[in-house]
Amino acid sequence: MAPLVRRTWSPRGQTPVLVQRTRAYQKVSVIGALCVPPQRDRVYLYFRLHPDTNLTGPLVIAFLRQLARQLDAPFVLLWDRLWAHRATVVHTFLQQTPQLHPVFFPPYAPELNPIESAWGYLKCNPFANWPLTELDTLTAVTHHQHRHLQRDPLLLRSFIEHSPLSLRLK
């Protein structure tokens with residue numbers, strides 16, 4: 001759980017010290033989606049946290065089921081090529097769920113994926129220089145920061161607009 005270290009200010013002669021625990025590998029995996037309704041007037045962020053877990057096909061399916069219940073209409077999934085997105089169980093689930101239409105981004109093209117901008121923002125802004133040493137604290141702070149991001153419509157719009165995709169918002 002080493003924090004992202006960023007440049008910061010401090011009084012002259014008082015070098016900031018970032019204390020962190022080493023040899024402890026704990027993490028919070030996040031699966032999320034930026035959703036734009038057909039009216040294209042707003043952007044929504046949906047996410048699920050998985051403390052100390054790698055994302056797998058069944059976790060992706062659980063998220064997609066939750067998303068399908070929330071959105072209640074056919075929708076297109078624009079996906080990167082994460083292994084869990086291409087798992088056999090996910091592929092089977094998508095074939096059985098006609099309201100979900102997956103479209104994969106080209107390999108190695110994170111600049112096209114708007115959710116990557118959201119993850120980059122969260123890692124480089126609220127989490128920079130923040131040594132979270134306990135998994136429970138990391139999970140709670142991650143949840144809080146994602147909820148905070150959900151309530152910032154202009155920032156969510158900026159992630160969509162930053163992508164060179166042809167999707168334009170009103």
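Since every read-out is calculated from the coordinates, none of them should be taken as a lab result. Computed from a prediction, not measured in an experiment: that's the story for all the values here. Every residue, glycine as well, gets a Cβ built from its backbone with ideal geometry; the counts of neighbours run over all protein chains shown.
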With x for Gly and Pro, the residue-by-residue ³J(HN,Hα) of the stretch 142-156, computed from phi through the Karplus equation 6.51 cos²θ - 1.76 cosθ + 1.60 at θ = phi - 60° and given in whole Hz, is 4, 4, 4, 5, 5, 5, 4, 5, 4, 8, 10, x, 5, 5, 4
1/(1 + (r/R0)^6) with r = Cβ-Cβ of Y46 and R12, R0 = 35 Å, i.e. FRET efficiency to nearest 0.05, evaluates to 0.15
Of the convex hull drawn through the C-alpha atoms of the stretch 28-161, the volume per residue in Å³ is 115 Å³
For W79, other-chain or 5+-apart residues with amide H closer than 5 Å (H placed, Pro excluded) are V103, F104, F105
Check: C-alpha center the stretch 53-83 vs C-alpha center the stretch 118-152, spacing in Å is 21 Å
Contact order relative to length for the chain, counting C-alpha pairs under 8 Å separated by 6 or more residues, stands in percent at 30 percent
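Express as a percent, rounded to the nearest 5, the fraction of DSSP beta bridges in the chain (both residues included) that run antiparallel. The partial results should precede the final answer.
Details: 8 of 13 bridges.
Looking only at bridges with both residues in the chain, the antiparallel portion is about 60 percent.
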